[in-house]
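Quick note: the coordinates plus some simple rules give every number you see, no bench work behind them. Please read all numbers here as calculations on a predicted model, not as lab measurements. FYI the Cβ positions are ideal-geometry reconstructions off the backbone, even for glycines, and counts take in every protein chain you see.
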Amino acid sequence: MSESEILELAARQLEAYNRSDVDAFCACFHDAVEVLGEDGAVQKRGMAEFRKGYAAMFADHDAVAATVSARLVLGQHVVEHEQWSRVRRSDGAKLGGEVLVRYTAQGGLIRWVEFLRP
């Protein structure tokens, strides 16, 4: 996968995330997607678990948004510094923060996601 292709894939998943479009969002990820925490432990494995988690998050929140303030790309890897926000529907609480996210592609889709939190 070229650097321009992984950058386009990262941008497409971000746009779908910001629309809370679970179908378009999940279409950017490999069926065997794995989401890792900063300790390397798997937090989500496989599309069914991935989709279920994000569908619930989109259903439970309004104004889901993320922006990228910095991006590095090397081969099939993209690392982004993201600022995220959302509003919890149940009580109107405004949530937000920042995170470094590594996306690694395999077979034309994002196969691994790793979140690095402060």
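Among Arg89, Arg19, Arg71, which one shows the biggest mean-square fluctuation in a GNM of the chain, springs joining Cα atoms closer than 10 Å? The residue that fluctuates most here is Arg89. Helix 3-18 and the long axis of the chain differ in direction by around 10°, with both axes built from C-alpha atoms.
Mean-square fluctuations from a GNM of the chain, with a 10 angstrom spring cutoff on Cα atoms, peak among Asp31, Asp39, Asp23 at Asp39. Under the combined filter of DSSP loop state and at most 15 neighbouring Cβ atoms within 10 Å, the stretch 6-86 retains these GluC sites (Glu not before Pro): Glu38. Where only DSSP H runs of four or more residues are counted, the chain gives -9000 deg cm²/dmol as its mean residue ellipticity at 222 nm, each run worth -39500 (n - 2.57). Using a Gaussian network model of the chain in which every pair of alpha carbons under 10 angstrom is joined by a spring, one finds that among Ser69, Ser85, Ser20 the greatest mean-square fluctuation is at Ser69. Note on Asp91 and Arg19: their simple-model spin labels are 3.2 nm apart, each label 7 Å out from Cα toward Cβ.
Expressed per residue, the C-alpha convex hull volume of the stretch 58-118 stands at 95 Å³. Taking every DSSP beta bridge that has both ends in the stretch 3-116, the antiparallel portion is near 90%.
Share of pairwise Cα-Cα distances greater than 16 Å in the stretch 3-116 is 60 percent (whole percent). Counting only alpha carbon atoms, the long axis of helix 47-60 and the longest principal axis of the chain meet at about 30°.
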